[in-house]
Amino acid sequence: LVQFADKLDFSKSRLEDNYRDKFRYYCWEDVEKVDFIYDEEDKLLTIKIIEEIDEYSVQKIRRRVDYEIERDMPKKIIFDFDSVTFMDSAGIGFIIGRYKLANMLGIELEIANLTYSVKKIFEMSGILKLIPVINLKEKIS
């Protein structure tokens, strides 16, 4: 899908933006476990993952996240794990892959709001040595 979307000529006209939004809706309507917030001023993409990250769900999430990263080309990406209830080794692979993609594109990557179980998995895997952890809840209040 990402390769197909890249071949489409999306200009800035209002009519074409409408078609682009419809294309995104129909292509990604089955990916409900991720919310994206893009701040154009700060070029910050916040990716909030909802529910669980397992081998089945990670394939859909990976395609959607990669598409959003390539489309927005942010300076910084924050993965928010506040609502993640379960994560297996596929989730570790997913995060390492996005870390490599971000490094390749010159994008800063952070993870935020780790639940206890996700933090334990990240500690055991060594991800916390590679990727900085922040607490968005404290920054907001």
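One residue is enough: does region 99-113 have a residue meeting the conditions farther than 20 Å from Lys43 by Cα, of a type outside the set (Val, Ile, Thr) and either open to solvent by 40 Å² or more (accessible area, probe 1.4 Å) or assigned to a helix (DSSP H, G or I) (or both)?
There is no residue in region 99-113 that is farther than 20 Å from Lys43 by Cα, of a type outside the set (Val, Ile, Thr) and either open to solvent by 40 Å² or more (accessible area, probe 1.4 Å) or assigned to a helix (DSSP H, G or I) (or both).
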(request) Provide a single number: the residues in region 118-136 that are touching a Phe, Trp or Tyr at 6+ places or on another chain (Cβ under 7 Å) and assigned to a helix (DSSP H, G or I). (result) 3
(request) Return a yes/no flag: does region 78-85 have any residue that is closer than 16 Å to Arg64 by Cβ, surrounded by 14 or more Cβ atoms within 10 Å (Cβ to Cβ) and among the acidic types (Asp, Glu). (result) yes
(request) Would you point out the residue of region 37-70, among those that are of a type outside the set (S, T, N, Q) and free of Cβ contacts under 8 Å to residues at least 24 places away in the same chain, that is farthest from Glu110 (Cα to Cα)? (result) Tyr56
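So which of Val31, Val65, Val58 ends up being modelled with pLDDT under 90, open to solvent by less than 100 Å² (accessible area, probe 1.4 Å) and out of contact with any Leu (no Cβ under 6 Å at 6 or more places or on another chain)?
Only one candidate qualifies: Val31.
The values are calculated or read from the model by the stated rules, or taken from the named source; none is laboratory data. Nothing here was measured: the structure is a model prediction, and the numbers come from that model. Cβ sites come from the backbone with ideal geometry, for glycine too, and all protein chains shown count toward neighbours. In case anyone asks, the SASA skips ligands and DNA or RNA and just uses the protein heavy atoms, side chains included. Shrake-Rupley method; radii C 1.70, N 1.55, O 1.52, S 1.80 Å.
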